[in-house]
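First up is the structure itself, then whatever we jot down about it.
Throughout, read-outs are computed from the coordinates displayed, never taken from laboratory work. As the structure is a prediction and not an experimental result, all values here were calculated from the model. Glycine gets a Cβ as well: all are built from the backbone with ideal geometry, and neighbour counts include every protein chain shown.
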Amino acid sequence: MAVLSPSATARRDDVDAGPARRTVRRRRRAHGPLWWIGYLLLVAWTVITLLPFVSMFLLSFHSTPDIYAHPLGFTGSWRLDNYVSAWVGAAGGAPIAVYLLNSFLVAVIALAIGVTFGTLAGYGLARVGARLGTAVSRVFVLALSIPLVVTLIPIFKLLGSLVLLNSVVGIALVYAAFMTPTVGLIMRSVFGAVPAELLEAARLDGCNELTALWRIILPVVRGGLVSVSLLGLIFVWGEVQFAVVLLSRPQVKTLAVGLLSFQGQFVSDQGAFYAGLVIATAPVVILFVIFQRSITKGVTLGAFR
Amino acid sequence: MFPVLCLIPGLVLVAVFVAYPVLESVHVSFGSWDGVGAVVFRGVQNYVRLVSDGVFGSSLVTSLEFFLLVTAFTVAIAVLLANAISRGVPGGGFFRVVWFLPVIVPTTVSGVFWASAFQPTTGIVNTLLGAVGLGSAHAWLAEGSTVLYCVAFAAIWTQAGYAMLLLLGAMETIPPEVHEAAELDGVGPVARLFRITLPIILPMLGTVTVLMAVFSFNAFGIVYAMTQGGPGNASAILPVLVYKESFLQQDYGYGSATAVVTCLVVGAIGIAVLRLFRRQAMEA
């Protein structure tokens, strides 16, 4: 995980950066001491940013005594069996494979519902009249800015009465609901950029609007769908507050909260603990490195509505 | 007609899992509920109790301190990072990817990592400090006086990349000619940041500041993973307190009242920040 190779994506990035970046680039001149101090600070922040990734990765290959003796992780004997111990899990908790599977299931269900409903809403927002569009957008923005904690107890109560506590489906519904406003707002700007003529053309061909949306518009906005799905996945993968409350049985915990019990169970096996952290982080980091551009695009679109 | 129908499923989902819970929270906050059965109405009793509750008071102060630290540093760092990339520093494309990485890491991973990094003797922070002769025995997370700074640091670490990306998006809309003209007039880089870049991106700066403020009040994950609010309640920001009151002490009515007040505090701060930026924008 520490061996990211962003250079390839970075280069692609520069080509697409538009005239703004290129014109700035063109100038070459001597830099003063102030510039170098500033640049050193950027490098320092980069080191701080990368430290946990590198450190987790290195420590995950060492034994506990080695970790205590060399917390930097560059020295000591190297071993792979930490990953085996982490994968199998410790007494009193579920194996990490179970947490991974739960996170995966929750993500699939939450994304299926949240992205579908959110995309439909985004299409609606882009096509309805200005007044209704603004009103519904306001509702979505409001829903986004509410501190999660205020919904915690009622959602616990609600899922309890629906017998959906400690259930993958229950928490996925909650995540889908909290994903919908973001997806809706991002997809609104994505649909807004699709020319209305495209839809008209589809109608002339005798499609009804739903078929037109499905067959003609959705393929055009595929990039946007990838962006929102990835953003949703990152949210689901890391969410803690609902997961702590709604999932208390080890067998149903998602990775994000499973790791917390993991921490307790592996106090005496630090290497396995770090291996667990690597296993939890690797999927999202790999996805990010592959889809870096659509993720960052989604983030920017979401804030620009 | 079809576009209006499209709005319905999403709105229903939001109504059931966001709007209804907010209203229900207010309802529960006026009563007592122990996790089963019906809510017993108790009037404003929970709110009266909040006013004289020292734990709530100190948690409110902790939250405000945490919010100020995290928001101020996140926005300041993000402005500098975004400015560097948009001014075309060498390696900008690389920095952009790396600086965003912490955002995608699950908060529990960042939380437990930084918690172990701040451990006395075995943590990486003390090891590095020890190497430069600054001592290696600091019990960062066990001391009430330092714990909040450590948690705030971890929160800044997780959020800065997000703010950076949004600000960068706004900065890239500034035509390069603006900067070139100013440079020809002999305006230095620092003056250009404060007199050209920041005034132009002021609306986005406002949005980002509000977002970071809301995030800092939502930072349950990082605090819970690092300290669970401890030692004592030294790092218990309001959401952590709500969790403890409700789900550990089964005092859901009181927890709800705390949550409602949290929501009002966040709302007030959000509106205040937006007002502040709007006024600035009008003066500029």
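Give the relative contact order (percent, whole number) for the stretch A:96-304; include only Cα pairs under 8 Å separated by 6+ residues.
So the answer I get is 32 percent.
Using a Cα-Cα cut-off of under 24 Å, which lysines could be cross-linked to residue A:253, ignoring same-chain neighbours fewer than 8 residues away?
A:157, B:244
Taking every residue in A:236-244, how many Cβ atoms of other protein chains lie within 10 Å of its Cβ, on average? Could the numbers behind the result be given before it?
Numbers: counts 1, 4, 10, 5, 11, 10, 1, 2, 7.
Shielding by partners across A:236-244 averages 6.
Against the longest alpha carbon principal axis of chain B, how many degrees, from 0 to 90 and to the nearest 10, is the axis of helix B:92-104 turned?
With rounding to tens, the tilt is 0 degrees.
Among A:66, A:205, A:269, which one shows the biggest mean-square fluctuation in a GNM of chain A, springs joining Cα atoms closer than 10 Å?
Among A:66, A:205, A:269, the largest GNM mean-square fluctuation belongs to A:205.
Quickly rank B:66-72, B:2-8 as a protection proxy: mean count of other C-beta atoms within 10 Å, highest first.
On the way: B:66-72: 21.0, B:2-8: 17.1.
My ranking of the peptides, most packed first, is B:66-72, B:2-8.
Given axes a ≥ b ≥ c from the Cα gyration tensor, I'd like to know whether chain B is rounded (a/c under 1.5), prolate (a/b larger than b/c) or oblate.
Because a/c hits 1.5 or more and a/b fails to exceed b/c, chain B counts as oblate.
How crowded by other chains is A:154-164, given as the mean number of beta carbons from other chains within 10 Å of each beta carbon?
Per residue, the number of nearby Cβ atoms from other chains is 4 on average.
Which whole number gives the average count of other chain Cβ atoms within 10 Å of the Cβ atoms across peptide A:250-258?
Mean inter-chain Cβ contacts per residue within 10 Å come to 2.
I need the shape label for chain A. Rule: rounded when a/c is under 1.5, else prolate if a/b > b/c, else oblate, with a, b, c from the alpha carbon gyration tensor. Walk me through the numbers on the way to the answer.
Working: a/c = 2.30, a/b = 1.24, b/c = 1.85.
Note, shape of chain A comes out oblate.
Under the definition of Cα pairs under 8 Å and six or more residues apart, what whole-number percent is the relative contact order of chain B?
This gives 28 percent for chain B.
Answer rounded, prolate or oblate for the stretch A:36-123, using the Cα gyration tensor with square roots of eigenvalues a ≥ b ≥ c: rounded when a/c is under 1.5, else prolate when a/b is larger than b/c, else oblate.
Oblate is the answer for the stretch A:36-123, as a/c is 1.5 or above yet b/c matches or exceeds a/b.
Taking amide H atoms as placed 1.01 Å from N in the peptide plane, list the residues 5 or more away in sequence, or in a different chain, whose amide H sits under 5 Å from that of residue B:31.
For residue B:31, whose amide H was placed from the backbone, the distant partners under 5 Å are B:42.
What helices does chain A hold that run 18 Å or longer along their axis, going by alpha-carbon atoms, with a Kyte-Doolittle average of 1.6 or more, using DSSP H for the helix calls?
Once both thresholds are applied, what remains is A:33-59, A:96-127, A:149-161, A:168-192.
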